[in-house]
Amino acid sequence: MAKWTVVVSPEQYESERLYGSDKLAVPGVGDSLSAGDEVLLVAAIDEPVVFGLARADGHGGLQYTVNLLEAPLPAPDSVKAATEGVHAVDERAFLDIQRRVRPPDTVRRTWLVSVDMPIEAASPGEAVRAFWNYVRELGPAELPAFVWPSGNELAMQAFVLGAEANQDPEED
């Protein structure tokens with residue numbers, strides 16, 4: 001299992017911050033990586049950042065193992081000058097980032113995420129279609145999502161674009 005750096009364009013990084021999923025498609029990756037290869041995901045912006053760790057799926061896609069879009073890390077010096085594409089990475093730099101983002105004692109927890117909105121419709125099917133139209137139109141830049149740790153509904157917080165967003169009009 002080899003270790004690599006995949007450097008993406010500023011446009012792809014911004015798209016990932018807005019619409020990111022568990023999987024990332026990067027042009028040309030399928031030719032360079034084998035299934036199981038580990039990858040540092042780096043954004044080619046003014047000050048390059050590591051925005052995730054991933055594993056190659058063998059079909060040209062990358063599956064996030066750690067998503068750092070909320071808190072990207074400065075890219076190691078060894079990859080700061082890298083151009084877009086796939087590059088070999090210094091194993092020491094890779095392991096340093098991996099230890100910083102996924103300490104051995106990290107506990108993962110279950111979070112509940114919800115998007116609620118009142119929709120007037122004549123049937124449940126029509127309401128669902130309208131819901132998905134609103135989600136598509138508003139997107140993550142306007143539509144708040146509510147998140148809380150499983151079992152602790154009182155800790156619910158609203159987020160827009162991955163950042164906490166106050167939804168109380170009386171507090172504005």
Mind giving me the nanometre distance, one decimal, between the label points for residue 35 and residue 87, set 7 Å out from Cα along Cα→Cβ? 2.9 nm
For the chain, dividing by residue count, accessible area per residue (probe 1.4 Å) in Å² works out to 64 Å²
Could you identify which residue out of 35, 54, 155 has the top mean-square fluctuation in a GNM of the chain using Cα springs shorter than 10 Å? 155
Quick check: at a probe of 1.4 Å, how many percent of the accessible area of the chain sits on carbon and sulfur atoms? 51 percent
Contour minus Cα-Cα distance for residue 11 and residue 126 (0.36 nm per residue): 37.9 nm
Karplus-derived 3J(HN,Hα) from phi for the range 109-120 (6.51 cos²θ - 1.76 cosθ + 1.60, θ = phi - 60°), whole Hz, x at Gly and Pro, runs 10, 8, 10, 9, 10, 9, 10, 10, 7, x, 10, 8
Local charge sum around residue 143 (other residues, Cβ-Cβ under 12 Å, Lys/Arg +1, Asp/Glu -1)? -2
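The values are calculated or read from the model by the stated rules, or taken from the named source; none is laboratory data. The structure presented is a predicted model; accordingly, all values stated were derived computationally and were not measured. Cβ sites come from the backbone with ideal geometry, for glycine too, and all protein chains shown count toward neighbours. Note: accessible area is taken over every heavy atom of the protein model, side chains too, but ligands, DNA and RNA are not part of it. Shrake-Rupley method; radii C 1.70, N 1.55, O 1.52, S 1.80 Å.
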